[in-house]
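Report on the structure given below.
The values are calculated or read from the model by the stated rules, or taken from the named source; none is laboratory data. It should be emphasised that the depicted structure is a prediction, and the values quoted were computed from it without experimental measurement. Note that we place each Cβ from the backbone using ideal geometry, even for glycine, and neighbour counts take in every protein chain shown.
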Amino acid sequence: MKIDDLLNSTKPIIYETGQEEWPYLLSGTCYPVKYDGALFITSAFHCYEDRNIQPDVTLYPRPEDATSFFAFDQISRARAPQAADDKHGDHVLLRVARSHHCQGEMDKVVALDLADSGNVRPPIGGDIKDFWIRGYPHDAPKHRIDYDLCKISQQAYTTNGRIGADIGPFDFCYSIRMMTPIPDGMHPSGMSGTPVYGVTNDGRPVYCGMITRYVELTRQYIAIGPEILVNSLRRA
């Protein structure tokens, strides 16, 4: 599996509002993961909470028809009871409904199977030589919904260039430092829900967590550790 293929599976959160004047809106970033054959779409919970919407309104395109979308049959989250704070709980998993989609269709979505422990690393792992992230900042110039033209344009920001990673300021979270975390003049709003992929010394892509916030003063991303998502998947 190539890192470029994984990055291309990361999509913006597009959702229906139910309003005639503004039928669609954008909110953050989402991405797929697999666990023992099941497919999940994952993001940061606050991308929905801040908009007062339910996560299952997410329109994640099906692989054979980008104008139709996956149906979901379960929403799940998990928290570590031993944690002293709840910042690590800012994630959500949407399980793709097998009653609506066959295994062959789900298999066509490029995603890491996190049931394989070899696909998961904490970002402070010693064999991580680089990080790759791809998200959808709200102020990217071509990332917008044009209601006059009835057109949704998507523009992602992709970057690599690992400076380092450390234990974060919250339990089960990490601080990620990149050479260019966000372009100068661009706000990181919209990058929440972005996966952090690592590339190991032998060139293998691995899952290292999910971005939940950005500290502008230090130019660091805060990422929820991969162990939290894996524990959520085990219970889903």
**Message:** Being among the basic types (Lys, Arg), within 24 Å of Ala140 (Cβ to Cβ) and in contact (Cβ under 8 Å) with a residue 24 or more places away in the chain: is that true of Arg77 here?
**Reply:** no
**Prompt:** What residue, of Ala165, Ala140, is hydrophobic (A, V, I, L, M, F, W, C) and within 29 Å of Arg62 (Cβ to Cβ)?
**Reply:** Ala140
**Asked** For residues in segment 167-204 being touching a Lys or Arg at 6+ places or on another chain (Cβ under 8 Å) and among the charged types (D, E, K, R), which is nearest to Asp139 (Cα to Cα)?
**Response** Arg177
**Request:** For residues that are over 14 Å from the mean Cα position of the chain (by Cα) and touching a residue at least 40 places away in the same chain (Cβ under 8 Å), tally how many sit in segment 8-20.
**Result:** 2
**Request:** Kindly establish whether Leu39 is surrounded by 16 or more Cβ atoms within 10 Å (Cβ to Cβ), in a strand (DSSP E or B) and either in contact with an Asp or Glu (Cβ under 8 Å, 6 or more places away or on another chain) or free of Cβ contacts under 8 Å to residues at least 60 places away in the same chain (or both).
**Result:** no
**Item:** Selected residue (only one of Asp85, Asp73, Asp56, Asp130 is part of a helix (DSSP H, G or I) and among the charged types (D, E, K, R))
**Value:** Asp56
**Prompt:** Somewhere in segment 56-71, is a residue hydrophobic (A, V, I, L, M, F, W, C), at pLDDT below 90 and either over 14 Å from the mean Cα position of the chain (by Cα) or under 30 Å from Phe172 (Cβ atoms) (or both)?
**Reply:** yes
**Prompt:** Can you tell me which residues in segment 170-188 are surrounded by 13 or more Cβ atoms within 10 Å (Cβ to Cβ) and more than 26 Å from Pro205 (Cα to Cα)?
**Reply:** Met186, His187
**Message:** Just the residues that are more than 22 Å from Lys34 (Cβ to Cβ) and in contact (Cβ under 8 Å) with a residue 12 or more places away in the chain, please, taken from segment 117-135.
**Reply:** Ile124, Asp127, Lys129, Asp130
**Asked** Here are some residues: Glu64, Glu16, Glu20. Which one is surrounded by 13 or more Cβ atoms within 10 Å (Cβ to Cβ), more than 22 Å from Asp116 (Cα to Cα) and among the acidic types (Asp, Glu)?
**Response** Glu16
**Request:** Kindly indicate whether any position in segment 105-122 is under 22 Å from Gly225 (Cβ atoms) and in a strand (DSSP E or B).
**Result:** yes
**Fill in**
Checked against (1) within 27 Å of Asp86 (Cβ to Cβ); (2) over 15 Å from the mean Cα position of the chain (by Cα); (3) not aliphatic (A, V, I, L, M), Gly203 satisfies every condition except (1)
